[in-house]
Amino acid sequence: MSKIKGAMTDELKKYCVGIAGCGGLGSNCAVALSRVGIGRLIIVDYDVVNKSNLNRQYYFIDQIGRKKTAALMETLRRINPDVRVTAYDRPLAPQDVLPVFGNCDVIVEALDDREMKRMLIETILSELPGKPLVIASGLAGWGNNNALTTRTMDNVYVCGDETSEAGDDMPPLAPRVGIVANMQANQVLEILLGAMK
């Protein structure tokens with residue numbers, strides 16, 4: 001077992017994963033990838049940590065008011081000082097996608113904004129065809145664990161139940177958000193380490 005773990009850790013150090021969005025999905029996915037020893041993360045967000053984020057995002061009370069990218073970078077370095085983190089504190093536009101994520105081995109979509117989510121997916125499919133893209137759809141509410149799955153369409157992997165939308169009666173809560181974020185991280189590992197099975 002230790003030989004497999006050592007080989008896995010050595011292999012993961014070679015890879016770069018891009019994460020678009022540092023909220024509930026992105027912050028939790030980044031933490032999971034840092035814990036397993038990913039070599040490099042590129043994180044992108046333009047928001048600040050608010051008190052309301054603490055119920056599902058990987059931030060702390062003393063980080064309220066800070067830029068999410070800076071706060072997350074600090075947390076990731078505390079977890080794994082060997083992970084190299086590049087942070088972009090800005091909204092994503094189509095012209096940013098290739099320069100920011102072009103050299104990533106896998107890209108994780110973790111955006112709240114529906115239009116930015118659509119733009120990112122469409123731009124990656126057209127500008128970076130064949131690049132593995134792990135997205136999330138349907139993670140609001142609680143319970144119904146068995147509805148959470150991963151569906152594959154070519155190089156696009158969709159994690160979630162693909163139906164539940166966040167709203168006043170179906171808020172995004174830590175358990176389901178965390179499950180889907182970790183499903184995304186697990187899918188990244190499956191893509192990167194698939195040959196080691």
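The values are calculated or read from the model by the stated rules, or taken from the named source; none is laboratory data. Source: prediction; values computed, not measured. Note: ideal-geometry Cβ built from the backbone for every residue, glycine included; neighbour counts use all protein chains shown.
Touching a helix residue (DSSP H, G or I) at 6+ places or on another chain (Cβ under 8 Å) and crowded, with 17+ Cβ neighbours inside 10 Å: which single residue out of Leu72, Leu98 fits that description?
On the way: Leu98 fails: crowded, with 17+ Cβ neighbours inside 10 Å.
When all the criteria are applied, what remains is Leu72.
Given the options Asn28, Asn53, name the one that is closer than 21 Å to Ile135 by Cα and modelled with pLDDT under 95.
Step by step, each of Asn28, Asn53 is checked, and only Asn53 is closer than 21 Å to Ile135 by Cα and modelled with pLDDT under 95.
Being among the basic types (Lys, Arg) and under 15 Å from Ile19 (Cβ atoms) is the filter here, so list the residues in the range 68-84 that pass it.
Correct list: Lys68, Arg84.
Give the range 97-115 a look and list any residue that's touching a residue at least 40 places away in the same chain (Cβ under 8 Å) and not small (Gly, Ala, Ser), or say none.
Taking the range 97-115 as the starting set, the residues that turn out to be touching a residue at least 40 places away in the same chain (Cβ under 8 Å) are 100-101, 103-112.
Val100, Phe101, Asn103, Cys104, Asp105, Val106, Ile107, Val108, Glu109, Leu111, Asp112, listed by residue number.
Being of a type in the set (Val, Ile, Thr) and more than 19 Å from Ala166 (Cβ to Cβ) is the filter here, so list the residues in the range 119-140 that pass it.
From the range 119-140, those of a type in the set (Val, Ile, Thr) are 121, 123-124, 134-135; that's our starting set.
Thr123, Ile124, Val134 - these are the residues of the range 119-140 that are of a type in the set (Val, Ile, Thr) and more than 19 Å from Ala166 (Cβ to Cβ).
Can you find even one residue in the range 35-54 that is in a helix (DSSP H, G or I), within 24 Å of Leu193 (Cβ to Cβ) and of a type outside the set (Lys, Arg)?
yes
Pairs under 8 Å by beta carbon, first residue modelled with pLDDT of 95 or more in the range 62-88, partner of a type in the set (Phe, Trp, Tyr) and in a strand (DSSP E or B), six or more apart or different chains?
If the second residue must be of a type in the set (Phe, Trp, Tyr) and in a strand (DSSP E or B), the pairs left are Thr69/Tyr88.
Scan the range 147-161 and tell me whether some residue there is buried (at least 17 other Cβ atoms within 10 Å of the Cβ) and part of a helix (DSSP H, G or I).
no
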